[in-house]
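Shown next, in structure tokens, is the structure this report addresses.
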Amino acid sequence: MGTVFRCNDVLLEMTQFGKERHSPCQIYQKMGEYIMPTQGVFAKVLTGGMIAAGEERSIEK
């Protein structure tokens, strides 16, 4: 965490890997199972802009 990525003019700082499950959440109580993904990453936008699928990205720090 804390890694900064660049894609064109956009800068993102990695803040979290995966999702935390809060049990028992309201979705679980209603559905009887967890339906939200547990994989993925979250990032804070340091500099906004547009990113299209397939664009190259690089690690800044």
Return the residues of segment 40-58 that are part of a strand (DSSP E or B) and under 16 Å from the mean Cα position of the chain (by Cα); say none if nothing qualifies. 41, 42, 43, 44, 45, 46, 47
Could you say whether any residue in segment 16-33 is in contact with a strand residue (DSSP E or B) (Cβ under 7 Å, 6 or more places away or on another chain) and either modelled with pLDDT of 95 or more or surrounded by 10 or more Cβ atoms within 10 Å (Cβ to Cβ) (or both)? yes
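The values are calculated or read from the model by the stated rules, or taken from the named source; none is laboratory data. This structure is a prediction, so every number in the text was calculated from the model and none was measured. With ideal geometry, Cβ positions are generated from the backbone for all residues, glycine too; neighbour counts draw on all protein chains shown.
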